[in-house]
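Here's the structure we're looking at; comments come further down.
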Amino acid sequence: MHQYSHFVDGKQSDLPLGKIVCVGRNYAAHARELNNPLPTSPVLFIKPSTALAAINSEIIVPTALGECHFETEMSLLIGKKLINCGEDEAARAIKGVGLSLDLTLRDIQQDLKDKGLPWEKAKAFDGACPSSAFVSRAQLGDLQNQQIRLYKNGQIQQDGNTSDMVNPVLSLLAYISQFFTLLPGDIVLTGTPSGVGPLQVGDKLVLELSDAIHCKGEVVSA
Ligand code: ZN
């Protein structure tokens, strides 16, 4: 149902599908919009490879499970193993850059947060990480100056720049690799700018990363 494989520069990659490591509250304006304090160190969580789905024509959402929010995030395809790495090593391991939706079942997440319980049911369900094809690192300029835009039904909903990240990409990868070995084929999501909101069946989404990535899909029910 959620057929997905990694594509880089238009070609199917032989990298396996791995885990997806995500960071919460990596843009101050988004932390504020959800009334969350800014963390003193990165908030990390993981989605399994079964969360991956391709963004092409359809975005499948489990509408029976309550409100589902889009969070549009720059994503990094990892090409080399990283353990306790420094920033130079992290830079060499980035095989591709893309866009992903960190789909979040917000009602379920709020209930779990209120009870102090883990977020997996809200963030790690099947199809919870619709992702674009990647472009190679060389196709982009400064990773910390990329515009992330999401349009819903023709209206702009998210319009942020990666220069506003609390933890820039390379320090984030170095931090993650202190806890979780990153393997070739893993993906790292770098957090969402503000403007997140609910999805409804029939919504038409357009996602853009500067002028390097442009992809779209219509929300359908799981
Ligand atoms: Zn997110």
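Each reported figure results from applying straightforward, stated rules to the coordinates on display, with no laboratory input. Bear in mind that the values here come from a model prediction, so they are computed numbers and not experimental data. Glycine gets a Cβ as well: all are built from the backbone with ideal geometry, and neighbour counts include every protein chain shown.
Taking segment 62-92 as the range and being in contact with a Phe, Trp or Tyr (Cβ under 9 Å, 6 or more places away or on another chain) and more than 28 Å from Ala138 (Cβ to Cβ) as the test, the residues that pass are Pro62, Leu65. Name the single residue that is surrounded by the fewest Cβ atoms within 10 Å (Cβ to Cβ) among those in segment 8-49 being within 13 Å of the ligand (Cβ to nearest atom) and charged (D, E, K, R). Here the residue is Glu33. Counting only residues that are within 16 Å of the ligand (Cβ to nearest atom) and under 15 Å from Ala93 (Cβ atoms), segment 176-189 holds 3 of them.
Scanning segment 21-38 for residues that are in contact with a helix residue (DSSP H, G or I) (Cβ under 8 Å, 6 or more places away or on another chain) and not charged (D, E, K, R) yields Val21, Cys22, Val23, Asn26, Tyr27, Ala28, Ala29, Pro37, Leu38. The single condition from (1) within 22 Å of Thr162 (Cβ to Cβ); (2) in contact with a strand residue (DSSP E or B) (Cβ under 6 Å, 6 or more places away or on another chain) that Asp88 fails is (2). For Ser75, the conditions (1) within 19 Å of Phe180 (Cβ to Cβ); (2) touching a helix residue (DSSP H, G or I) at 6+ places or on another chain (Cβ under 8 Å); (3) of a type in the set (Ser, Thr, Tyr) all hold with the exception of (2). Restricting attention to segment 50-69, the residues that are of a type outside the set (A, V, I, L, M, F, W, C) and within 13 Å of the ligand (Cβ to nearest atom) add up to 1.
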